[in-house]
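Here's the structure we're looking at; comments come further down.
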Amino acid sequence: MAGESEINIGIALNCGLVRMGTVGYEERMETTVIGRVINVCAKIEKMNKTHHTELLVTDNLVKELEHRESFPLKLVGEVYLEGMETPITLWTMDFS
């Protein structure tokens with residue numbers, strides 16, 4: 001709508017093994033997940049700004065896709081994340 005502020009988002013998708021747990025009591029339960037997969041996802045989500053993307057997907061997830069050719073994937077490149085020795089390959093979706 002005219003005069004409305006634009007909303008920009010940044011989403012990161014990754015896959016792998018995590019640990020999940022639920023803590024709390026009957027009136028207030030909270031479930032969370034932890035693990036390297038979550039840490040990687042949190043770090044690459046922030047990279048959407050520098051890559052001018054709204055969605056970044058790791059190679060771990062892309063390798064798991066069935067019918068990969070059905071997705072408009074575009075290679076972003078390899079990035080090194082702090083504390084990691086090997087690079088992570090990132091993809092985005094090209095909807096243009």
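Miscellaneous remarks
- Candidates G10, G21, G83, filtered to the one that is within 14 Å of the chain's Cα centre (by Cα) and small (G, A, S): G10
- Identity of the residue in the stretch 6-42, outside any loop (DSSP other than H, G, I, E, B) and either of a type in the set (F, W, Y) or out of contact with any strand residue (DSSP E or B) (no Cβ under 8 Å at 6 or more places or on another chain) (or both), that ends up farthest from I88 (Cα to Cα): Y25
- Checking each residue in the stretch 43-54 for being surrounded by 15 or more Cβ atoms within 10 Å (Cβ to Cβ) and not in a helix (DSSP H, G or I) picks out M47, T53.
- Number of residues in the stretch 68-84 that are β-branched (V, I, T) and either in contact (Cβ under 8 Å) with a residue 40 or more places away in the chain or exposed (fewer than 13 other Cβ atoms within 10 Å of the Cβ) (or both): the value is 0.
- Only one entry in E45, E82, E78 is modelled with pLDDT under 95 and acidic (D, E), namely E82.
- Number of residues in the stretch 55-72 that are more than 14 Å from the chain's Cα centre (by Cα) and either within 17 Å of G10 (Cα to Cα) or outside any helix (DSSP H, G or I) (or both): the value is 5.
- Residues satisfying the stated conditions in the stretch 36-60, i.e. touching a Leu at 6+ places or on another chain (Cβ under 8 Å) and of a type in the set (D, E): E45, D59
- Selection status of A2, aliphatic (A, V, I, L, M) and at pLDDT 90 or above: no
The values are calculated or read from the model by the stated rules, or taken from the named source; none is laboratory data. Remember, it's a predicted structure, so these values are computed and weren't measured experimentally. Quick reminder, even Gly has a Cβ in these numbers, built from the backbone with ideal geometry, and neighbours come from all protein chains shown.
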